[in-house]
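Read-outs throughout are calculated quantities, based only on the coordinates presented, and are distinct from any laboratory measurement. Treat the numbers as computed from the prediction; the structure is a model and nothing was measured. Here Cβ is always computed from backbone atoms with ideal geometry, including for glycine, and neighbour counts include all displayed protein chains.
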Amino acid sequence: MNNRKQLAILAALVGINALLAFLTYAIFPLEQLAPGQAGMPSATVNIPPWLLGLAYAGIIIVLYGLLGLAGYWFAKKLGLPGVFREGAGWKEWLWRPLAIGLALGLLVVLVDRGFASLGDWQGFPHPPFPFSIVASATAGIGEEILFRAFVLGLWAFLLNLVLRRRGMTGVALGIANVIAALAFGAGHLPGVMVMLGVSSLNAFPPLALGELFLLNGIIGLVAGERYLKVGLVAAVGVHFWTDIVWHVVWPLINN
């Protein structure tokens with residue numbers, strides 16, 4: 001019964017992400033969507049928005065559905081909570097991720113301002129409001145399925161094959177969390193390069209590169225810790241609320 005609940009919630013998360021992707025293309029003008037976030041080449045501008053959204057939603061269902069199932073399998077093999085920890089209540093599902101996400105979002109804003117004060121660097125751009133809310137939700141779900149459930153799970157599974165013989169499963173999980181956090185930072189490079197108008201890593205501002213990996217590394221490690229202890233739902237919550245502060249609240253206040 002627990003497996004059914006886990007898979008049902010995983011399916012709901014993938015379905016919500018697909019629905020938000022469809023609504024994104026159906027509601028928001030294409031020029032508002034950064035290619036790194038939209039995931040579609042510019043040649044698709046002649047396709048009706050609803051059809052583009054439908055196609056992207058289908059891709060999400062297949063891709064993230066398979067990644068989520070693989071991550072769930074890794075979690076079962078490692079004895080991790082998976083989608084959610086059995087017996088965990090709303091405190092672990094909602095309120096603690098909310099508190100952690102808000103605090104983490106504030107930390108991200110402060111670190112960003114600190115980097116901006118070091119030199120000729122104005123900080124990272126943000127998606128326009130209200131698309132920023134949808135982007136925060138889709139990133140919170142999709143990126144946690146990819147980087148926490150799949151990447152962290154895959155590396156933890158592989159490392160544990162070697163380290164468990166020495167009773168070092170905890171070390172395997174910790175290393176996998178670091179690897180997933182680094183991959184999480186690297187995964188943001190293409191989208192940020194597009195938003196900054198940078199064509200190569202050589203032209204990427206050094207301060208921006210350092211900030212990119214530092215901020216995403218911190219978010220990734222914290223989300224990974226929640227994933228390992230409570231499950232995917234908690235990791236999604238931490239990521240979502242961090243992005244709400246960083247990409248929604250802060251730009252509105254700063255402007």
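For the reader, a short list of remarks on this structure follows.
- Theoretical gain in end-to-end length, V171 to F129 [0.36 nm per residue, Cα-Cα removed]: 11.0 nm
- Between K229 and L19, the FRET efficiency estimated from the beta carbon spacing at R0 = 30 angstrom works out to 0.55.
- In terms of packing, defined here as the mean over residues of other Cβ atoms within 10 angstrom, the peptides 172-179, 123-130 line up highest first as 172-179, 123-130.
- The chain - mean residue ellipticity at 222 nm from DSSP helices (-39,500 (n - 2.57) per run, n ≥ 4, rounded to 500): -22500 deg cm²/dmol
- Around the Cα centre of the chain, unit charges on the Cβ atoms of Lys, Arg, Asp and Glu (plus for the first two, minus for the last two) sum to a dipole of about 1140 debye.
- In terms of other Cβ atoms within 10 Å, Y56, Y227 run from fewest to most in the order Y56, Y227.
- Placing unit charges on the Cβ atoms of the charged side chains and taking the dipole of the chain about its Cα centre, the candidate lying farthest along the positive direction among L232, I244, G167 is G167.
- Here A12 and A103 are evaluated by their C-beta separation; at R0 = 22 Å the FRET efficiency comes out at 0.25.
- Theoretical FRET efficiency, 1/(1+(r/R0)^6), r = Cβ-Cβ of N255 and S117, R0 25 Å, to 0.05: 0.85
- Over the stretch 2-254, the hull volume per residue, using the convex hull of the C-alpha atoms, is 132 Å³.
- The order of I100, I219, I253, going from fewest to most other C-beta atoms within 10 Å of their C-beta, is I253, I100, I219.
- For the stretch 221-236, 3J(HN,Hα) per residue [Karplus equation, 6.51 cos²θ - 1.76 cosθ + 1.60, θ = phi - 60°, Hz, x = Gly/Pro]: 5, 5, 4, x, 4, 5, 4, 5, 8, 10, x, 4, 4, 5, 5, 4
- Karplus-derived 3J(HN,Hα) values for the stretch 128-140, using 6.51 cos²θ - 1.76 cosθ + 1.60 with θ = phi - 60°, are x, 7, x, 4, 4, 5, 5, 4, 5, 5, 5, 5, x Hz; glycine and proline are entered as x.
- Test item: Cα-centred dipole of the stretch 83-196, Lys/Arg +1 and Asp/Glu -1 on Cβ, debye: 500
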